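The values are calculated or read from the model by the stated rules, or taken from the named source; none is laboratory data. Quick caveat: nothing in here was measured; it's all calculated off a predicted structure. So basically every Cβ, Gly included, is an ideal-geometry build from the backbone, and we count neighbours across all protein chains shown. The area values use the complete protein model at the heavy-atom level, side chains included, leaving out ligands, DNA and RNA. Shrake-Rupley method; radii C 1.70, N 1.55, O 1.52, S 1.80 Å.
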Amino acid sequence: MAAGAQEGGDGWKQRYRDATGHQFGCFGEQDDQQCRALIAGYERAMEAPDADGSVRHALFREFLHAQAVFGSILRKRGDLKGASAVLEQGYVRMMEHYDGGKHFHTLIDNLRLQSELIQVLVMADQQAAMIQLLGNAREAADAVYGSFEAAAGNEHKLRLQHSNLVASEDLESDVAATLAARAAGLRQQGKTAEAARLKEAAVVAYERATAWVRFSTAAGVQGQMDLEPAMRISELQRGLGDLLAAAGEGKAAAQAYLYAGAHSCGLLEPGTHGRVRAGEQLAPDQYLAFKECQLASHGYLVASGELQRLARDSADALYREQMSLLEVDLEPLLRQTRPVKE
């Protein structure tokens, strides 16, 4: 931040320290008053007499991040009206800072804010506005990634590229999950046309999120709390499989589950399944991969029809064993219960 700024009194540093005192109350305890105090505190710090342009520029990013987090808290609580008010205010400030492209970086710095607002619009069934904002965010992210090679050797541009890779994956995966959930809700209400549109939008988001994982892996970039790339791809493709299966698209769902399993099951050490059956405790990363592998495998078996076939074959075998004890001719019975083959 700015060198030579006054340390005490009513300077920006003191106002900034006062603001950050509300961070845990907002981010950790999710207290509305603490969040509002945090946002207002950042605003006061930016307005301090000794805050020059570089200070205000640095504080602005934290100011909008706080609004994104508060909006997320309200959205997840179901307060769409409150979330919309907070996020729209932040979006307006972001676009003012953007200033027709003079500060293009703000679109990438604040992809989290845009993601939260897009998800609110999805949940509020404001599809037209959602499509526009999502398109704008994607256009900015794609434009930055398109200049990836040109950023080599430029620290500022590389930092923006890295931020774009991580935040774009987060945006697409979060939006995909919200679109899928809303599609399911609309389907339950009998609104099949609206559900189908959101399902298609979710498919695109899941595929884009998967692509961003590949891009970031190739660039050697990973978020601080991110799982291994293979695990993230497995979770995304399993989410896609769940979405397609719920829409009755079994063949496409099976392909997504198969792709998911190829990534998570591929992380398992040889003999893992035997160790689990023996009751051995797995290392945390192996346990996560094992559970994800199981979910992907089960999804594939159901979507492909293999589970039903296996269950039917097992039932046939068990029925034969039980009825043979009574010396009953099974064939006439089984011909009646088996599906007719074309």
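How about Lys251: which aspartates and glutamates have a C-alpha closer than 13 Å to its C-alpha, ignoring those fewer than 8 places off in the same chain?
Asp242, Glu306
Leaving ligands, DNA and RNA out of it, report the carbon-plus-sulfur percent of the accessible area of the chain at a 1.4 Å probe.
Working: 9780 of 18300 Å².
Carbon and sulfur together cover 53 percent of it.
By average Cβ neighbour count within 10 Å, what is the ranking of 292-299, 155-162, 69-76 from highest down?
Working: 292-299: 20.1, 155-162: 14.8, 69-76: 21.6.
Ranking, from highest mean packing down: 69-76, 292-299, 155-162.
Are there GluC sites (Glu not before Pro) in the stretch 1-91 that DSSP puts in a loop and that have at most 13 other Cβ atoms within 10 Å, and which ones?
Details: sites: Glu7, Glu29, Glu43, Glu47, Glu62, Glu88; in loops: Glu7, Glu29, Glu47.
When the GluC sites (Glu not before Pro) of the stretch 1-91 are filtered for loop state and at most 13 Cβ neighbours within 10 Å, Glu7, Glu29, Glu47 remain.
Let me know the charge dipole size of the chain about its Cα centre in debye, to the nearest 20, where only the beta-carbon of Lys, Arg (+1) and Asp, Glu (-1) is charged. Working shown, then result.
Numbers: 36 positive and 46 negative charges, 105 e Å.
Here the chain has a charge dipole of around 500 debye.
Leaving out same-chain residues fewer than 8 places away, which lysines sit with a Cα under 22 Å from that of Lys191?
Lys199
With everything on Cα atoms, drop me the angle between helix 111-123 and the longest principal axis of the chain, reported from 0 to 90° to the nearest 10.
Long axis of 111-123 versus the principal axis of the chain: about 50 degrees.
Report the per residue volume, in Å³, of the convex hull enclosing the C-alpha atoms of the stretch 186-232.
On the way: hull volume 4.0 nm³, N = 47.
Measuring per residue, one finds 85 Å³ for the Cα hull of the stretch 186-232.
Mind checking which aspartates and glutamates have their C-alpha under 14 Å from Lys291, skipping anything on the same chain fewer than 8 residues away?
Glu235, Glu269
Work out from phi, with θ = phi - 60° and the Karplus expression 6.51 cos²θ - 1.76 cosθ + 1.60, the ³J(HN,Hα) of each residue of the stretch 13-30, listed in order in whole Hz, and give x for Gly and Pro.
5, 5, 5, 5, 4, 4, 5, 5, x, 9, 4, 5, x, 8, 5, x, 8, 6
Can you tell me the orientation of helix 32-46 relative to the chain, as the angle in degrees between its alpha-carbon axis and the longest Cα principal axis, to the nearest 10?
40 degrees
Under a 1.4 Å probe, what is the accessible area of the chain per residue, stated in Å²? The partial results should precede the final answer.
Working: 18300 Å² over 342 residues.
Heavy-atom SASA per residue in the chain reads 54 Å².
Using the Karplus curve 6.51 cos²θ - 1.76 cosθ + 1.60 with θ = phi - 60°, work out ³J(HN,Hα) for each residue of the stretch 163-178 in order, rounded to whole Hz, and write x for Gly and Pro.
For the stretch 163-178, the Karplus curve yields 4, 5, 4, 5, 6, 5, 4, 4, 4, 5, 5, 5, 5, 4, 5, 5 Hz.
Tell me, what HN-Hα J-couplings in whole Hz come from the Karplus equation 6.51 cos²θ - 1.76 cosθ + 1.60 at θ = phi - 60° for each residue of the stretch 53-67, using x for Gly and Pro?
x, 5, 5, 4, 5, 5, 5, 4, 5, 5, 4, 6, 4, 4, 5
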